[in-house]
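**Student:** What follows is a single structure, and I will ask about it in a moment.
The values are calculated or read from the model by the stated rules, or taken from the named source; none is laboratory data. Quick caveat: nothing in here was measured; it's all calculated off a predicted structure. In this analysis, Cβ positions are derived from the backbone assuming ideal geometry, glycine residues included, and neighbour counts consider all displayed protein chains. All accessible areas refer to the heavy atoms of the entire protein, side chains included, with ligands and DNA or RNA removed. Shrake-Rupley method; radii C 1.70, N 1.55, O 1.52, S 1.80 Å.
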Amino acid sequence: MNILLIGSGGREHALAWAIGASSLCDRLYCAPGNPGIAAICHAVDLKDADHAAVIAFCKTWAIGLVVIGPEAPLVAGLADDLRAAGIKVFGPSKFAAQLEGSKGFTKDICAKYDIPTAAYGRFRERSAALAYLARHGAPIVVKADGLAAGKGVTVAMTPAEAQAAVNDIFTGRFGDAECVIEEYLEGEEASFFVLTDGTHALPLATAQDHKRLGDGDVGPNTGGMGAYSPAPCMTEALCTEALETIVKPTIRALADMGHPYVGVLYAGLMLTRDGPKLIEYNARFGDPECQVLMLRLKDDIVPLLLACVDGTLDKMSVRWLDEVALTVVMFAKGYPGETVKGTEIRGLDAAGAGEGVEIFHAGTALENGRLVAAGGRVLNVTALGKTVKEAQARAYAAVDRIDWPDGFCRRDIGWRAA
Ligand code: AMP
Ligand code: GLY
C-alpha cells in the first residue's frame with residue numbers, strides 16, 4: 001500500500017520512520033516533510049490547506065492511507081474532504097477535532113458526561129468574566145478559546161494577573177476568542193495517548209514531556225523541550241482510571257453526537273489528589289512524545305492505524321520495548337520567541353551513529369547543500385536505554401557530538417523519572 005503522511009515536524013519524522021519500516025508500506029510520501037523525512041521517504045511539495053490538490057495527489061499515486069500529523073489540517077477538515085473522496089484517513093473529522101480546537105466544546109462534553117476536569121465558566125463578556133474572577137479568587141487559570149499554540153493560557157497566581165489575562169482576551173489579542181476561566185489544578189502533569197476507531201480504545205505506552213523552557217521545569221511554557229517513555233507516575237491503576245473515567249466517556253460522547261472520533265486522542269492530565277483530571281485534549285500525537293513512543297513501539301504501526309480507520313481496533317493489541325526512550329529537543333536561540341534562522345548544523349551522521357540513538361528533524365532546511373535551522377524546535381535527539389540514566393547518557397552524548405554552536409537544549413530531560 002502507498003501511504004501519504006501530512007506534516008513536517010519531529011513528530012512526523014518519527015511517524016515516517018515507523019511507517020516506512022512496515023512490511024505493508026510500499027511507497028511512503030510525506031507532504032511537505034523536512035530534510036530528515038526526505039532522506040527516508042518521498043517528500044512532496046503539496047500544501048495541506050489545498051484539499052483538492054491533496055485528493056488529486058492521492059488518486060494519481062494510488063494512496064491507500066493518509067496519516068495526518070498536526071492539528072491545523074484536522075481542524076480545517078482535511079480528513080472530512082479526503083473521506084468524502086473515498087480515501088482512507090487516520091485522523092479525526094473537523095467536528096471531532098474540536099476536542100482540541102475548542103476548549104468550550106470539550107468542557108461542555110465533560111459537564112454532560114461527568115468527566116473529571118477543572119470547574120469552569122465560559123464568557124463572551126468582560127464584565128461577566130471579571131465577576132467570576134471576583135467570586136473565585138486566585139490561583140485560577142484563564143484561557144483564550146481556539147488554537148493559540150499554547151500561548152492562550154495564563155496560570156494566574158494572583159487576582160491582578162487573572163484580571164490582566166481577561167482584559168488581554170477582550171481587547172482582541174487572540175481574535176474574537178471566547179474566554180474560559182478554570183479552577184487551578186495541582187499535581188503532576190502526564191500525557192495519555194489512546195488510539196480509537198470511534199468505538200473501541202487502545203491505550204498506548206505512557207509518556208511525559210517537559211513543557212517549561214528551563215532546567216528544573218521553570219520559565220515560560222513551550223511546545224515541549226523533551227520527553228520520555230514510560231512515565232513512572234502513570235501507574236497501571238491511573239491509566240485504567242483515566243481510560244474509564246475520561247477517555248471512554250469522551251469517545252462515547254462523540255459517537256452519540258454522530259461524529260465518531262478516528263485517530264489518536266491525546267489527553268493532557270493533571271494527576272491530582274482526587275485522581276486524574278483532564279486539562280485538555282489534543283487531536284493528534286504529542287510532539288515530542290510521539291518520538292519516544294515510536295522508538296519503543298515493537299509492533300508494526302500500519303495495521304494499528306488501519307484498524308482505527310476500519311473500525312476493527314478491538315481485534316488489536318500493541319507491544320512495547322522494555323527499554324526507556326528519551327528525547328532531547330534542540331532549539332534555536334530565541335525560542336519560544338522569535339528565533340535566529342539559517343545557522344548551520346553539522347555532524348548529525350556521527351552523532352546519530354551512537355548506540356540506540358535516532359535523530360529526528362523538526363525545524364531544519366537545506367540551503368545550498370547545507371543543513372540549517374529553520375524553526376524554533378530544530379532537532380529531537382532520541383535514544384533508547386535499559387534505564388532512564390542510560391537513555392539520558394546516550395541522548396546527551398549525541399547532543400554533544402552535534403556541531404551546532406547556535407543550538408541549545410535543556411540538560412535535565414527525564415529528571416523526574418531518573
Ligand atoms: P493547555 O493549553 O490547556 O494545555 O494549558 C497549557 C498548560 O497550562 C498546561 O500544560 C498546564 O501546565 C497549565 N494548565 C492548564 N490548565 C490548568 C489548570 N486548570 N490548572 C493548572 N494548570 C493548568
Ligand atoms: N508536547 C505537547 C504537545 O504536543 O502539545
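**Student:** When the accessible area of segment 258-306 is split by element with a 1.4 Å probe, what percent falls to carbon and sulfur?
**Tutor:** Answer for segment 258-306: carbon and sulfur cover 46 percent of the accessible area.
**Student:** Rounded to the nearest 0.05, what FRET efficiency is calculated for residue 128 and residue 186 with R0 set to 30 Å and r the Cβ-Cβ distance?
**Tutor:** E between residue 128 and residue 186, to the nearest 0.05, is 0.70.
**Student:** Reachable lysines from residue 143, Cα under 19 Å, same-chain residues fewer than 8 places away excluded?
**Tutor:** Qualifying lysines at Cα under 19 Å: 103, 107, 151, 211, 277.
**Student:** What does the charge count near residue 193 come to, summing +1 for each Lys or Arg and -1 for each Asp or Glu among other residues with Cβ under 11 Å from its Cβ?
**Tutor:** With Lys, Arg at +1 and Asp, Glu at -1, the net is 0.
**Student:** Take the Cβ-Cβ distance between residue 408 and residue 42 as r, set R0 to 22 Å, and report the resulting FRET efficiency rounded to the nearest 0.05.
**Tutor:** For R0 = 22 Å, the calculated efficiency reads 0.10.
**Student:** Then there is this: Given a 1.4 Å probe and heavy atoms of the protein chains only, how would you sort 287, 310, 80, 349, largest accessible area at the top?
**Tutor:** 349, 310, 80, 287
**Student:** Given a 1.4 Å probe and the protein chains all in place, what does the accessible area of residue 415 round to, in Å² to the nearest 10?
**Tutor:** Rounded to the nearest 10, the figure is 110 Å².
**Student:** Also, I was wondering about something else. Collect residues whose amide H, placed 1.01 Å from N in the peptide plane, falls under 5 Å from the amide H of residue 346; neighbours closer than 5 in sequence don't count.
**Tutor:** 403, 404
**Student:** Out of 283, 84, 267, any idea which swings most in a Gaussian network model of the chain, alpha carbons joined below 10 Å?
**Tutor:** Result: 84 has the largest fluctuation of those listed.
**Student:** Given contacts defined as C-alpha pairs under 8 Å and at least six residues apart, what's the relative contact order of segment 251-332, whole-number percent?
**Tutor:** 24
**Student:** Still on this structure: For residue 341, give me every one of the aspartates and glutamates with a C-alpha distance below 12 angstrom, ignoring sequence neighbours fewer than eight places off in its own chain.
**Tutor:** 367, 406
**Student:** If you don't mind, another one. Pulled fully out, how much extra length does the chain show between residue 111 and residue 397, if you take 0.36 nm times their separation in residues and subtract their Cα-Cα distance?
**Tutor:** This chain segment gains 98.2 nm when fully extended.
**Student:** What residue among 54, 381, 247 has the largest mean-square fluctuation in a Gaussian network model of the chain, using Cα springs under 10 Å?
**Tutor:** The residue with the greatest mean-square fluctuation here is 54.
**Student:** Need one number: nm distance between label points at residue 350 and residue 53, each 7 Å from Cα along Cα→Cβ, rounded to one decimal.
**Tutor:** 4.0
**Student:** Next up: Give, in nm to one decimal, the length gained when the segment between residue 218 and residue 367 is fully stretched (0.36 nm per residue of separation minus the Cα-Cα distance).
**Tutor:** The span from residue 218 to residue 367 would gain 50.2 nm if fully extended.
**Student:** Also, quick follow-up: Please state the relative contact order of segment 275-418 as a whole percent: Cα pairs under 8 Å, 6+ residues apart?
**Tutor:** Over segment 275-418, the number comes to 27 percent.
**Student:** To continue, here is another question. Give me a comma-separated list of calculated 3J(HN,Hα) values for segment 324-330, in order, Karplus coefficients 6.51, -1.76, 1.60 applied at θ = phi - 60°, integers in Hz, x for any Gly or Pro.
**Tutor:** 8, 10, 9, 10, 10, 8, 9
**Student:** Can I ask one more? With just the Cα atoms defining each centre, how far is segment 253-318 from segment 327-360? Give it in Å.
**Tutor:** 28
**Student:** Can you give the net charge of the other residues whose Cβ lies under 13 Å from the Cβ of residue 129, counting K and R as +1 and D and E as -1?
**Tutor:** Summing Lys/Arg as +1 and Asp/Glu as -1 gives 0.
**Student:** Once amide H atoms are placed 1.01 Å from N in the peptide plane, what residues at a sequence separation of 5 or more from residue 91, or on another chain, have their amide H within under 5 Å of its amide H?
**Tutor:** Long-range HN contacts for residue 91: 263.
**Student:** OK, next. Residue 94: which aspartates and glutamates have alpha carbons under 13 Å from its alpha carbon, excluding same-chain residues fewer than 8 sequence positions away?
**Tutor:** Within the straight-line cut-off, residue 94 pairs with 71, 80, 81.
**Student:** Another one. Over the chain, with a Gaussian network built from C-alpha contacts below 10 Å, which listed residue (295, 278, 321) shows the highest mean-square fluctuation?
**Tutor:** Judging by the Gaussian network model, the answer is 321.
**Student:** Would you compute, from DSSP H runs of 4+ residues alone, the mean residue ellipticity of the chain at 222 nm, taking -39500 (n - 2.57) per run and dividing by the full residue count, rounded to the nearest 500?
**Tutor:** -8500 deg cm²/dmol
**Student:** Once phi is turned into θ = phi - 60°, what whole-Hz ³J(HN,Hα) does the Karplus curve with 6.51, -1.76 and 1.60 give for every residue of segment 266-278, x standing for Gly and Pro?
**Tutor:** 10, 9, x, 10, 10, 8, 8, 4, 9, x, x, 10, 6
**Student:** Relative contact order for the chain using alpha-carbon pairs under 8 Å, separation at least 6, rounded to a whole percent?
**Tutor:** For the chain, the relative contact order is 16 percent.
**Student:** Each residue of segment 345-358 in turn: what ³J(HN,Hα) in whole Hz from Karplus with 6.51, -1.76, 1.60 and θ = phi - 60°, glycine and Pro shown as x?
**Tutor:** Going residue by residue, I get 10, 10, x, 5, 4, 5, 5, x, 7, x, 4, x, 9, 10 Hz, with x marking Gly and Pro.
**Student:** Per residue, how much accessible area does the chain have with a 1.4 Å probe, in Å²?
**Tutor:** Ligands and nucleic acids excluded, the result is 40 Å² per residue.
**Student:** What does the accessible area of residue 315 come to, in Å² to the nearest 10, when a probe of 1.4 Å is used?
**Tutor:** 150
**Student:** Under a Cβ-Cβ cut-off of 10 Å, what is the net charge of the residues other than residue 383 that fall near it, where Lys and Arg count +1 and Asp and Glu count -1?
**Tutor:** For residues surrounding residue 383, the net value is -3.
**Student:** In addition: Sorting 225, 1 by accessible area (1.4 Å probe), largest first, what list results?
**Tutor:** Largest accessible area first, the list is 1, 225.
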